[in-house]
Amino acid sequence: MGISTFRQAKQRLIDIVKLTKTKYGYDSINGYIGINDPLAINLGIEVEERRLQFDFGIYLTSEPGIRPKPVIWLDTSSADQEHINFTYYHEISHHLIRQDNEIYEFLNDIAGQNDDFDSLIDRFANIGAAEFLIPSDDIFSIQQNQGFSIQILPQLDECYPASKPAIAIQLAQCAAHRCFVVVCQFGILPTKSESQPELMKSEITGTRRLYVQYSSNSPSQEKYSIGKYSIIPENHLLYTAYKSQDYVSGNDHIPFKNGNKNWAVECEGLYYKGKVYGVFNLSKPNSPGASQLSLF
Ligand SMILES: [Zn+2]
């Protein structure tokens with residue numbers, strides 16, 4: 001059977017991640033432990049820690065005569081441990097996607113139609129990373145019992161301390177309704193200029209802003225996605241959450257990268273440990289105890 005929908009592709013990736021974890025008896029609770037991390041060794045990947053100019057991680061496939069083994073470059077110098085964990089599993093997921101012809105060909109085929117190939121692969125690698133850190137089965141049952149709200153994030157953080165971006169992405173991936181979930185960071189926005197594609201993260205100048213670091217959409221909302229590094233304007237509800245270091249809810253527009261502000265929906269923003277976690281609900285979320293739709 002071939003893959004013909006996003007849901008099938010995602011499901012296949014999640015199955016591959018689950019299988020990989022089971023096969024190597026892998027417990028992701030502790031996250032990345034260094035260049036001899038057993039997961040990379042088991043998968044035949046070499047990990048090199050090094051400073052990277054723009055990204056925090058890069059996956060390179062093996063190439064005859066040049067690179068006998070696939071390699072992950074991981075920048076562990078400037079990021080926090082949760083970010084390193086997430087980046088590591090993101091790059092591992094790049095490898096798993098690259099190794100699987102069905103997923104890879106499906107993404108390649110649809111990329112031309114509605115998304116750019118790299119960002120599409122990255123969205124999938126995020127889904128894989130989230131599954132490594134937090135089983136979607138757990139999040140399904142939590143959403144079923146407690147309903148859907150960004151306010152359950154602190155409680156999930158206590159059970160799954162390895163990565164908050166993974167929690168946010170799993171919340172979107174397991175949602176039965178149509179929504180976007182974003183993780184926003186305050187700081188200087190990394191930018192790549194056309195003339196200078198290798199712009200350094202360390203040499204960036206500019207004003208500090210609230211911007212989207214990770215974004216994910218629920219399986220029933222595949223048509224649009226919120227781009228990485230989209231800016232949250234100062235009059236936005238998520239900015240209010242950042243300023244007040246609190247939880248806020250109300251109506252506001254979805255921060256698409258093209259600046260289109262016409263699409264206002266129900267929105268929640270939660271300031272938690274330095275970042276803002278946001279939800280945009282395009283349809284009514286589950287209330288506690290409501291029955292869930294089947295996985296994807
Ligand atoms: Zn990537």
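Where a number appears in this text, it was derived from the coordinates with a stated rule and is not lab data. Here the structure is a predicted model, which means the values were calculated and not measured. Virtual Cβ from ideal backbone geometry, glycine too; neighbours counted across all protein chains shown.
What to note about this one:
- Each stretch of four or more DSSP H residues adds -39500 (n - 2.57); spread over every residue of the chain, this sum gives -11500 deg cm²/dmol at 222 nm.
- Sorted fewest first by neighbouring Cβ atoms within 10 angstrom, Lys164, Lys257 come out as Lys257, Lys164.
- FRET efficiency for Ser119 and Val265, using Cβ-Cβ distance with R0 set to 30 Å, rounded to 0.05: 0.85
- Relative contact order computed over the chain (Cα-Cα under 8 Å; 6+ residues apart), in percent: 17
- A Cβ-based charge dipole, computed about the Cα centre of the stretch 137-281 with Lys and Arg at +1 and Asp and Glu at -1, lands at about 380 debye.
- Furthest towards positive pole of dipole, Phe132, Phe86, Phe148, structure part the chain, Cβ charges: Phe148
- Of the residues Val279, Val71, Val181, the one that moves most in a GNM of the chain with alpha-carbon contacts below 10 Å is Val71.
- Glu158-Glu63 FRET efficiency (beta carbon distance; Förster radius 30 Å; 0.05 resolution): 0.10
- Using 0.36 nm per residue and subtracting the Cα-Cα separation, the extra length available between Tyr24 and Gln81 on full extension is 18.2 nm.
- Of all segments of the chain bounded by GluC sites (Glu not before Pro) found in a DSSP loop with no more than 16 other C-beta atoms within 10 Å, the longest spans 1-193.
- Surface/4 of the Cα convex hull for the stretch 57-122, nm²: 5.4
- Greater than 28 Å apart at Cα, pairs in Lys21/Lys284; Lys23/Lys164; Lys18/Lys284; Lys18/Lys228; Lys10/Lys243; Lys164/Lys284: Lys21/Lys284; Lys18/Lys284; Lys10/Lys243
- Antiparallel %, DSSP beta bridges [both residues in the stretch 26-76], to 5: 55
- Only the Cβ atoms of Lys and Arg (+1) and of Asp and Glu (-1) were treated as charged; on that basis the dipole of the chain about its Cα centre amounts to roughly 480 debye.
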